Amino acid sequence: MVIVQLMRSTLLFLLIAANLSSQIRNDRRSFEPYENWHDAKQHVSNLAEKDHFSGVLLVSNLTDNQVHLESIHGFANKKARIENKIDTKFNIGSINKVFTAIGTLQLVQSGKLGLNDKLTQHVPELTKKGVDQITLKHLLQMRSGYGSYFSSAKFLANMNDLRDMEEYLPIIQEFELGFEPGTSRAYSNIGYELLGIVIQRVTKTNYYDYIQTHIYDRAEMENSGSFERDRLLKNLAIGYSQYSPNRVFGTELDRSEVNHYRYHNNDRLAVKGTAAGGGYATIEDFKKLLLAIKGYKLLDEKHTDLLMNRYEQTKKKRKAFGFAGGATGVSAHFWWNLQNDDYIIVLSNYDPTTTSQVFGKLRKTLEAL
């Protein structure tokens, strides 16, 4: 019981980190741009020297390949003294949701699914009040009423054994909706796990195999996947946190603890990534993903527009596309200016705090050009 309580307190951070994208969007007005790219590089180097940052980042352009900034710092494995490299695989947290969204839209494009399909058409086991009103579009837009499951005792007791999307269903079945579907919005990991289950059932293919064949392979993303962390894999970064397993993220640290990322996260996250988060990718694979989206290798133009415009058909297109993922020892961000093809990718194996600030300043710098 004590172990479960400790795990629960630690995993509360995941609930906080799940809102990372919206927090960055709301806070970015307060970020000041760098004076120039040399200052940006120097600032990131200074942060790394003080052990505030570990990871890789790239600021470039998809059209002309002009690199504004590329920087690599820190260790993928501190104990073995293995440094982060350009081909290091980083945990990308909630950015897995982008792959799940693309997979769902591929099935909409092929006519196997409809955005207005009721969730219970595909997952009839869900019987809680209001669930029969949820559509797949609600799930994609996080307007289903579902939230997250990280505080579930069933999840905490089984997190080291969950290797198939269907194994999440008994956990999800315990949860009530927080609001009537379509009437509000709340960040939802449950919603995307359910989309993963739908993909698996409709295609009669394991979710992970589907994403491998229809996204990673098409985009030539050779170093990405929802790898099982209890199996040895080359170039996989271990996540490091300032917070020990018995400390809740966000609580005040003693001065002696600040910026000492000594606690690895291997015992704090589910053993395998899911449709909602926890996969791995390299910085080069992220660039390939953006190029594949731009070149309509994953979706046709109509359904690419749906992806960019939050699953709405509209003549007023969004100017940028991006997402963030965060957890204990995990921080990942990408942002793509759809008008001029500038992009930012930041992958870190440290807590999100400093990485998010660096990302915000880099985005402001690009916007100021």
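The values are calculated or read from the model by the stated rules, or taken from the named source; none is laboratory data. Everything numeric in this text was worked out from a predicted model, so none of it was measured. In this analysis, Cβ positions are derived from the backbone assuming ideal geometry, glycine residues included, and neighbour counts consider all displayed protein chains. Note: accessible area is taken over every heavy atom of the protein model, side chains too, but ligands, DNA and RNA are not part of it. Shrake-Rupley method; radii C 1.70, N 1.55, O 1.52, S 1.80 Å.
Mind counting the residues in the stretch 77-90 that are out of contact with any strand residue (DSSP E or B) (no Cβ under 9 Å at 6 or more places or on another chain) and open to solvent by less than 10 Å² (accessible area, probe 1.4 Å)?
Filtering the stretch 77-90 for residues out of contact with any strand residue (DSSP E or B) (no Cβ under 9 Å at 6 or more places or on another chain) gives 80, 87.
Now drop any that are not open to solvent by less than 10 Å² (accessible area, probe 1.4 Å), which leaves none.
Number satisfying all stated conditions: 0.
Residue-by-condition table, conditions (1) closer than 27 Å to R229 by Cβ; (2) in contact with a Phe, Trp or Tyr (Cβ under 9 Å, 6 or more places away or on another chain); (3) open to solvent by 60 Å² or more (accessible area, probe 1.4 Å):
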site: H38; (1), (2), (3): no, no, yes
site: L47; (1), (2), (3): yes, yes, no
site: K50; (1), (2), (3): no, no, yes
site: V56; (1), (2), (3): yes, yes, no
site: N61; (1), (2), (3): no, yes, no
site: Q66; (1), (2), (3): no, no, yes
site: F75; (1), (2), (3): yes, yes, no
site: I92; (1), (2), (3): yes, yes, no
site: F99; (1), (2), (3): yes, yes, no
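Listed by first and then second residue, the pairs linking a residue in the stretch 326-349 that is of a type in the set (D, E, K, R) to a residue that is at pLDDT 95 or above, with Cβ atoms under 6 Å apart and 6 or more places separating them unless they lie on different chains, are D341/N61; D341/L62; D341/T63; D342/N61. Can you tell me which residue is most open to solvent (accessible area, probe 1.4 Å) among those in the stretch 252-290 that are over 25 Å from N61 (Cα atoms) and of a type in the set (D, E, K, R)? Filtering first and then ranking leaves R255.
Residue-level check: of (1) open to solvent by less than 20 Å² (accessible area, probe 1.4 Å); (2) at positive phi; (3) in contact with a helix residue (DSSP H, G or I) (Cβ under 9 Å, 6 or more places away or on another chain), L299 misses just (2). Residues of the stretch 310-369 that are among the polar types (S, T, N, Q) and in contact with a Gly (Cβ under 8 Å, 6 or more places away or on another chain): T328, S331, S348, N349, T355, S356.
Of the helices (runs of 4 or more DSSP H) contained entirely in the stretch 1-110, those carrying at least 1 residues that are at pLDDT below 95 fall at 2-17, 20-27.
Note on the stretch 315-365: enclosed strands (runs of 3 or more DSSP E) holding 1 or more residues that are modelled with pLDDT under 95 and touching a strand residue (DSSP E or B) at 6+ places or on another chain (Cβ under 8 Å) are 320-327.
Name every residue in the stretch 110-130 that is in contact with a Lys or Arg (Cβ under 8 Å, 6 or more places away or on another chain) and either farther than 28 Å from G225 by Cβ or surrounded by fewer than 17 Cβ atoms within 10 Å (Cβ to Cβ) (or both), in order of residue number. Walk me through how you get there before you give the answer.
Keep residues of the stretch 110-130 that are in contact with a Lys or Arg (Cβ under 8 Å, 6 or more places away or on another chain), which gives 115-116, 122-123.
Result: N116, single match.
A residue that is within 21 Å of G225 (Cα to Cα), among the acidic types (D, E) and crowded, with 22+ Cβ neighbours inside 10 Å can be found somewhere in the stretch 187-194.
Go through the stretch 269-303 and give me each residue that's in a loop (DSSP other than H, G, I, E, B) and in contact with a strand residue (DSSP E or B) (Cβ under 8 Å, 6 or more places away or on another chain). First the steps, then the outcome.
Step one: filter the stretch 269-303 for residues in a loop (DSSP other than H, G, I, E, B), giving 269-271, 273-279, 282, 295-300.
Residues satisfying the conditions are L269, V271, G273, G277, G278, G279, T282.
Selection of helices (runs of 4 or more DSSP H) fully inside the stretch 118-223 by the criterion of at least 3 residues being under 29 Å from A292 (Cα atoms) and touching a Gly at 6+ places or on another chain (Cβ under 8 Å) returns 136-140, 189-203, 207-211.
Per-residue answers, yes or no, for (1) charged (D, E, K, R); (2) over 25 Å from the mean Cα position of the chain (by Cα):
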site	(1), (2)
K89	yes, no
G93	no, no
V98	no, no
Q106	no, no
G111	no, yes
G114	no, no
L119	no, no
Q133	no, yes
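Just to check your reading of the model, which residue among N206, N235, N223 is touching a helix residue (DSSP H, G or I) at 6+ places or on another chain (Cβ under 8 Å), within 22 Å of S331 (Cβ to Cβ) and touching a residue at least 40 places away in the same chain (Cβ under 8 Å)? Exactly one residue qualifies, and that residue is N223.
Do you know which of the residues in the stretch 147-166 that are open to solvent by less than 30 Å² (accessible area, probe 1.4 Å) and of a type in the set (A, V, I, L, M) is farthest from A275 (Cα to Cα)?
For the stretch 147-166, the residue satisfying everything is L156.
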